[in-house]
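K.L.:
Here's a structure for you.
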Amino acid sequence: MMKKSTITTRALTSGKNLAQMFISFPTNKNEQNKIGRVLSILDNLLFLQQRKLEQLKQLKVAMMRNTLANKNQESPVIRFNNFNDNWVQVTFKHLLNYERPDKYMVKNTDYLKQGIPVLTANKSFVLGYTNEHNIYDKGSAIIFDDFTLDNKS
């Protein structure tokens, strides 16, 4: 049907095209009804799960607001038992060390079929494999890049 529809803000098709389209369906009304009931139950379950998801998202936002201190607070509103110390505020430059990635980039781009995976900058797929050993092995890292999608630990 989509191949014969006109695209606007929604897919449309003419009555003439619709009249020429084939559709398969069971001739037995009981089977039609059972299929309809099952699909209706699934629609209802999907609706309920969507509501549950929205409520969980709202709960997460509320928990973040109350368990994470903001710049005007010394500690968050909600604390876990036995944690009473004030929080500290620092800039990122006091928490992280910046290191250029140049020395960790592969030299040879004739990739192998096995070895150490070579990823795109945003880790969306493996370009190939290398046997070069100029890898980052200093523990946890946050990889900042124009296309950063992930961190690596």
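A short reminder: the numbers here are calculations on the coordinates, not readings from a lab. As the structure is a computational prediction, the values presented were derived from the model and not from experiment. Quick reminder, even Gly has a Cβ in these numbers, built from the backbone with ideal geometry, and neighbours come from all protein chains shown.
K.L.:
Please compute the modelled spin-label separation between Ser24 and Asn81, points set 7 Å along Cα→Cβ, answer in nm with one decimal.
P.N.:
Going by the 7 Å Cα→Cβ label model, 6.0 nm.
K.L.:
Calculated FRET efficiency, Lys71 and Lys103, Cβ-Cβ r, R0 35 Å, to nearest 0.05?
P.N.:
FRET efficiency, Lys71 to Lys103: 0.45.
K.L.:
Pull up all non-local amide H partners of Arg79: gap of 5 or more, or a different chain, and H-to-H distance under 5 Å with H placed in the peptide plane.
P.N.:
So Arg79 has HN proximity to no qualifying residue.
K.L.:
Through the Karplus equation 6.51 cos²θ - 1.76 cosθ + 1.60, θ set to phi - 60°, convert the phi angles of segment 114-119 into ³J(HN,Hα) values in whole Hz; use x for Gly and Pro.
P.N.:
Karplus-based 3J(HN,Hα) across segment 114-119 equals 8, x, 8, x, 10, 9 Hz.
K.L.:
Would you please put 44-51, 125-132, 23-30 in order of how densely packed they are, using the mean number of other Cβ atoms within 10 angstrom per residue and starting with the highest?
P.N.:
125-132, 44-51, 23-30
K.L.:
Now a separate question. If you count, for each residue, the other Cβ atoms within 10 Å and average over each peptide, how do 52-59, 81-88 line up from highest to lowest?
P.N.:
The peptides rank, most packed first, as 52-59, 81-88.
K.L.:
Out of residues 5 or more away from Leu119 or on other chains, whose amide H comes under 5 Å of its own, with H placed 1.01 Å from N in the peptide plane?
P.N.:
Those lying under 5 Å, H to H, from Leu119 are Leu127.
K.L.:
So, one more: Which whole-Hz ³J(HN,Hα) couplings does segment 33-46 yield from phi under the Karplus relation 6.51 cos²θ - 1.76 cosθ + 1.60, θ = phi - 60°, glycine and proline marked x?
P.N.:
Couplings: 5, 5, 4, x, 5, 4, 5, 5, 4, 5, 4, 5, 4, 4 Hz.
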